[in-house]
Amino acid sequence: MKKYFISGRQILFATILCASGWLTGTPPVMAQETVRQYLSGTDGENAVPWDFFCSDGRNSGVWTNIAVPSCWELQGFGKFRYGLEDRKYTPIRGDYRHSFNVPADWRGKRVFIVFEGVMTDASVKINGAEAGPVHQGAFYRFKYDITELLKFGEENLLEVSVTDKSANNSVNNAERNADYWVFGGIFRPVWLQAEPAQFLDRVAIDARADGMFAMDYYLGGEGKADAVEVTIQDAQGKTVGEPVSAPVAAGHVETKISAPELWTAETPNLYTAVVQIKQGATVLHEMKQRFGFRTIEVRPGEGLFVNGQRVLLKGVNHHVAWPTLGRSSSDRIAVLDVGLLQDMNMNAVRMSHYPPDEGFLNLCDEKGLYVLDELTSWQHKYDTEVGRQHVQEMISRDVNHPSIIIWDNGNEGGWNTNLDADYAQIDPQHRAVDHPGGGKFGVFNDRHYPDYKTLLSGLSSNLVYMPTEFLHGLYDGGAGAGLDDYWNAMRAGKVSAGGFIWVFADEGVQRNDSNNVVDVKGNWAPDGIMGPYREKEASYYAIKQIWSPVQLPSALPPNFAGTLPVENRYEFTRLSKCSFSWQLRKFGDSTGFETVAAGVIASPNIAPGKSGRLKLKLPAKWKNADALAVTARNPNGQELWTWVYPLQPQNKFAPTGSPVAPVTAGDELQLKSGDTEARVAAATGQLLGVKVGGKDFSLTSAPISNAKWTMLDSGWLKLDYSIDPAAQASVTNEIGIAFDYPEEKMLKKTWLGDGPYRVWRNRLKGPTLGVWETAYNTTETGYKDWVYPEFAGYFANVHWLKLTTTEGTLTMMIPDERTFVRVGTPEFPPANLAGKTLVKFPPGNLAVVRDIPAMGTKFSTAAQGGPQGTTPLVTAPYQGTVYLCFEPATATAVK
């Protein structure tokens, strides 16, 4: 079949070429360009009202209006449904009406109405006449030629009837019987598209790293075009090479340019193909298509290669979702999400489980992210007929995005293998096709949620190992917890292509039928690294540090004198392109720090994958500062990570004072200095009670073996103790001493240590040294609210901590390094929802410890998640010291 011929059905369903920002509602300068006129708003946050009638549920049975684009549930219509919850629901129909004018000077053009996405079946009429057959399936662009149905220069009527449940059962199984919220409505934009009588319908470009450029082109309409000409322009609009042309009947054109600037996630260089169809010297139509020169290879036994360089995908799964918009995104949200992805030092994103809105893909092209684009499904597949149509629609729209490196043919059992060959027939780049969650398929081994043992086994095979879902981030589990172990193994694995954490954000909807509560459906949807409104969990920063392409040591080298080892984990970027700086910091009693000196570090010319040294020119008295901070920034000036190193020994914070002799009263020791009194059980070392100014301060402790309590005349209560981990490890992973203080009396904590987020044994990275403060909250991560950082939990490398309570202030000074303080007891969702993320805590709401529990994922225990989940942080007996000081409450210290 000749590529320039398009049948009536192909015209009906062909998706238009993405103009990547060149096509707008503004009339073009040249008549032969495409004109776009929006009938809806441009996105979910810039919508326009249409007339609307809902058949059932809220606000049904009357004509009113609705914002378009939108999901009608978020506009107060119909019923909220979670895909797994209600598979046999009665469909709801939404009827839309919208009047619009067509310019009189459009006569003689071909006019299409284009729908970017409708959930789920759409029937379209123009001026009472059917525009074409019903379109089934939500996430795909489709269009109708409505030229013969229009009244030019007059008002026209658009009527769209949408049912949320498809008449095709395979569409429902693939798209709606799924583990995510399902909606109804016209959720992506709608526009009119006016083309010349004969026009370029779309192009499909294959541009390689060696400069080879090949393009298939598809014409529509009727005319006497005899040639197609292509001019390639760089990002500045400068012509590159010579224009090349071919007879229109060829359907294909090729050329080659020398030394193109290549597209990678690190160097997202874009070009533009200016494509014209001509009749003689007359240009009949012109379109502009962005693309990138790059070559993608998946090599068995070797890994994933971009432009001949092996790459590891540091990726996450991403849903198009916002609590007040559902699946109807906006430019603002797309920019926000891409920015957050890159701020976490990710270089890849999987579009789970459906193609995204095109604006998101445009940003991935521009900013630099590797993309897995995915045919819709979850556990169930499309039938071959409708699936083939959707593959055509997805690839026709998305084929020219250089960010897309792999096609996913469905997900987790939703693979119609009859469609596998379709991708190569439509995509001239012949990008690899994957079956996410399918284990061994083609060149990939893609088993979802491998435990650590399974991960190591997969990395020892010959197939390219790329789990498109791993470290399921339910609640506070997974994601950053366990990533350090997994990433070390992936980096060492010969066939590793990296992987994709599940998932970017908790998928919650703001229920306008339930007092606007944000609903994440129990444990079905709170799987994110962030909350629904992108509230950052601790894993956000753990991922950012672990996946930083520049790595410095976690501690200063012995005898540090201004030189630090540095590792370049970029794949295409020399460190000379990055920037580095240092600060000397002083800490006080309140949050933040004082910068006492700062400077720039010369960027070393270290090649990708190599190591070298950073040379800091520090002032002579640098050792007097409290901390040294070193920041690495990428070539765009974005912070990769800031390492903060303590410069003072931790025992610097030990209080001074002379011992005050205790008084023995029966089985108790009574210690007193000023207005502070403490009672200790002489036999067990248990703190029995404290009074400050004659009032009880409700701090007690468990029995403490080998304890020595001393009251200093400065008012500090000193505890020296010794711990044998072997005696505690059989009971709990919390190794140390436990105090108890009523959590209901806690108001806030302020501390010098790593923060502001809590840690687990297998998620120690992410926090940095500083003075932090957190008000009391009862956040159950990802469950009921999203107040972060969480107040309760383990906090690392604590030098001192002030706990403000309704009874006064308790200050703890800890002169020992590598010490954690537990404050409060973290709240967790019910055990039947928590999966393997539930941690059992020993008694005591305030503890000073050297070992802490690890955190699991939804599917794997912490012990199954790698060495950090099972390796104790301390194994030998040790001695420790804690100083306590009490201040009475002020009049304003109320709960």
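The values are calculated or read from the model by the stated rules, or taken from the named source; none is laboratory data. All values reported here derive from a predicted model rather than from experimental measurement. Here Cβ is always computed from backbone atoms with ideal geometry, including for glycine, and neighbour counts include all displayed protein chains. Side chains are part of the model used for accessible areas, which takes the heavy atoms of the whole protein and leaves out ligands, DNA and RNA. Shrake-Rupley method; radii C 1.70, N 1.55, O 1.52, S 1.80 Å.
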Of everything in the range 300-313, what is touching a strand residue (DSSP E or B) at 6+ places or on another chain (Cβ under 6 Å), open to solvent by 10 Å² or more (accessible area, probe 1.4 Å) and touching a residue at least 24 places away in the same chain (Cβ under 8 Å)? Give them in sequence order.
Arg310, Leu312
Looking only at the range 561-595, which residues are in a strand (DSSP E or B) and more than 20 Å from Leu614 (Cβ to Cβ)?
Lys586, Glu594
Give the range 420-430 a look and list any residue that's within 25 Å of Asp383 (Cβ to Cβ) and either open to solvent by less than 30 Å² (accessible area, probe 1.4 Å) or in contact with a Cys (Cβ under 8 Å, 6 or more places away or on another chain) (or both), or say none.
Asp422, Tyr423, Ile426, Asp427
Near pairs, Cβ below 7 angstrom, 6+ apart or cross-chain, from the range 508-537 (on the phi > 0 side of the Ramachandran plot) to any residue that is crowded, with 23+ Cβ neighbours inside 10 Å and not β-branched (Val, Ile, Thr):
Arg534/Ala505
In the range 583-605, what residues are within 29 Å of the chain's Cα centre (by Cα) and either crowded, with 18+ Cβ neighbours inside 10 Å or not hydroxyl-bearing (Ser, Thr, Tyr) (or both)?
Gly592
Filtered residues of the range 662-682 (kept if touching a residue at least 40 places away in the same chain (Cβ under 8 Å), touching a Leu at 6+ places or on another chain (Cβ under 9 Å) and assigned to a strand (DSSP E or B))
Leu671, Ser673, Thr676
Which numbered condition Gly844 misses (of (1) open to solvent by 50 Å² or more (accessible area, probe 1.4 Å); (2) in a loop (DSSP other than H, G, I, E, B); (3) closer than 16 Å to Asn733 by Cα):
(1)
Just to be sure, is Val433 among the β-branched types (Val, Ile, Thr), crowded, with 18+ Cβ neighbours inside 10 Å, in contact with a Phe, Trp or Tyr (Cβ under 8 Å, 6 or more places away or on another chain) and under 20 Å from Pro356 (Cβ atoms)?
yes
Residues being of a type in the set (D, E, K, R) and farther than 23 Å from Ser70 by Cα: count how many of those fall in the range 97-138.
5
Which listed residue, of Asp422, Asp451, Asp427, is touching a residue at least 12 places away in the same chain (Cβ under 8 Å) and under 27 Å from the mean Cα position of the chain (by Cα)
Asp451
The number of residues in the range 617-661 that are part of a loop (DSSP other than H, G, I, E, B), open to solvent by 70 Å² or more (accessible area, probe 1.4 Å) and among the charged types (D, E, K, R) is 2
Looking only at the range 561-579, how many residues end up being crowded, with 17+ Cβ neighbours inside 10 Å and either closer than 21 Å to Trp622 by Cα or of a type in the set (Lys, Arg) (or both)?
3
Number of positions in the range 436-465 that are touching an Asp or Glu at 6+ places or on another chain (Cβ under 9 Å), open to solvent by less than 20 Å² (accessible area, probe 1.4 Å), farther than 12 Å from Glu412 by Cα and in a loop (DSSP other than H, G, I, E, B):
0
In this structure, is Glu254 touching a residue at least 60 places away in the same chain (Cβ under 8 Å) and open to solvent by 10 Å² or more (accessible area, probe 1.4 Å)?
no
In the range 343-397, residues that are of a type in the set (S, T, N, Q), part of a loop (DSSP other than H, G, I, E, B) and touching a strand residue (DSSP E or B) at 6+ places or on another chain (Cβ under 8 Å) total 3
Residue among Leu810, Leu747, Leu803 that is part of a strand (DSSP E or B) and either among the polar types (S, T, N, Q) or open to solvent by 10 Å² or more (accessible area, probe 1.4 Å) (or both):
Leu747
Condition (residue is among the charged types (D, E, K, R) and open to solvent by less than 30 Å² (accessible area, probe 1.4 Å)) applied to the range 259-273: is it met by at least one residue?
no
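Okay, residues lined up against (1) out of contact with any Leu (no Cβ under 9 Å at 6 or more places or on another chain); (2) more than 25 Å from Ser673 (Cα to Cα):
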site: Lys695; (1), (2): yes, no
site: Thr710; (1), (2): no, no
site: Gly715; (1), (2): yes, no
site: Glu734; (1), (2): yes, yes
site: Trp760; (1), (2): yes, yes
site: Leu769; (1), (2): no, yes
site: Thr774; (1), (2): yes, yes
site: Thr779; (1), (2): yes, yes
Working carefully through the options Glu195, Glu159, find the one that is in contact with a strand residue (DSSP E or B) (Cβ under 6 Å, 6 or more places away or on another chain), within 30 Å of Ile92 (Cα to Cα) and of a type in the set (D, E, K, R).
Glu159
Please enumerate the residues belonging to the range 486-503 that are touching a helix residue (DSSP H, G or I) at 6+ places or on another chain (Cβ under 9 Å) and either under 12 Å from Ile543 (Cα atoms) or among the aromatic types (Phe, Trp, Tyr) (or both).
Tyr486, Trp487, Ile501
Write out, first by first residue and then by second, each pair whose Cβ atoms fall under 7 Å of each other, whose residues are 6+ apart or on separate chains, and whose first residue, in the range 360-380, is at pLDDT 95 or above while the second is among the acidic types (Asp, Glu) and open to solvent by 20 Å² or more (accessible area, probe 1.4 Å).
Gly368/Glu266
Test for Tyr38: is it at pLDDT 80 or above, surrounded by 14 or more Cβ atoms within 10 Å (Cβ to Cβ), closer than 29 Å to Leu150 by Cβ and aromatic (Phe, Trp, Tyr)
yes
If you go through the range 833-883 one residue at a time, how many are among the polar types (S, T, N, Q) and in contact with a His (Cβ under 6 Å, 6 or more places away or on another chain)?
1
Taking the condition of being under 20 Å from Gln392 (Cβ atoms) and either touching a His at 6+ places or on another chain (Cβ under 6 Å) or of a type in the set (D, E, K, R) (or both), how many residues in the range 197-256 meet it?
6
Which condition does Glu780 not pass, out of (1) more than 24 Å from Ala629 (Cα to Cα); (2) of a type in the set (D, E, K, R); (3) more than 25 Å from the chain's Cα centre (by Cα), if it passes all the others?
(3)
Enumerate the pairs (first residue in the range 225-242 and at positive phi; second residue anywhere and surrounded by fewer than 16 Cβ atoms within 10 Å (Cβ to Cβ)) with beta-carbon separation below 8 Å, excluding pairs fewer than 6 apart on the same chain, so at least 6 apart or on different chains.
Gly241/Lys256; Gly241/Ser258
Could you identify the single residue in Ala348, Ala281, Ala321 that is surrounded by fewer than 23 Cβ atoms within 10 Å (Cβ to Cβ) and either without any contact (Cβ under 8 Å) to a residue 12 or more places away in the chain or over 30 Å from Ala227 (Cα atoms) (or both)?
Ala281
